[in-house]
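Below is one structure, written out as structure tokens, with a few remarks after it.
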Amino acid sequence: RDISLTLGRGETVGLGGLDGQGQREFLLALFGVLRGVSGTIKIDGEPASINSPRVAKSARYGLALIPEDRKTEGLLLPMSVRANISLASIGKLSRGITVDQNEENRK
């Protein structure tokens with residue numbers, strides 16, 4: 001089925017519905033996790049080529065995905081809340097194989 005969404009800058013949208021109606025699959029496809037789906041994503045009127053979560057959350061597109069089951073899909077439970085939050089920006093916070101804690105504190 002075709003889906004069309006129009007969002008304003010900074011707007012947050014959630015999808016709801018009965019289990020099995022495709023909400024999860026739609027968001028995973030939008031975020032570049034599911035392969036083999038067709039369609040066009042436009043951001044600011046321009047086609048967006050989102051083929052991985054890394055591209056989706058890049059500064060260029062700024063998408064974020066909060067999975068439905070954060071315990072198994074979104075959190076590393078042995079780690080602190082701070083460390084889990086920092087993981088989303090690990091590329092900006094790390095130098096080599098270590099995290100710059102001063103930069104982490106600023107963010």
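The table for this structure:
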quantity: Breaking point among (1) charged (D, E, K, R); (2) in a loop (DSSP other than H, G, I, E, B); (3) at pLDDT 80 or above; (4) surrounded by 10 or more Cβ atoms within 10 Å (Cβ to Cβ), for residue 11; calculated: (4)
quantity: Complete set of residues in region 22-80 that are assigned to a strand (DSSP E or B) and either in contact with a Ser or Thr (Cβ under 7 Å, 6 or more places away or on another chain) or outside the structural domain of residue 12 (by TED's automatic domain parsing) (or both); calculated: 47
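The values are calculated or read from the model by the stated rules, or taken from the named source; none is laboratory data. Nothing here was measured: the structure is a model prediction, and the numbers come from that model. Methodologically, a virtual Cβ is constructed for each residue, glycine included, from the backbone with ideal geometry; neighbour enumeration extends over all protein chains shown.
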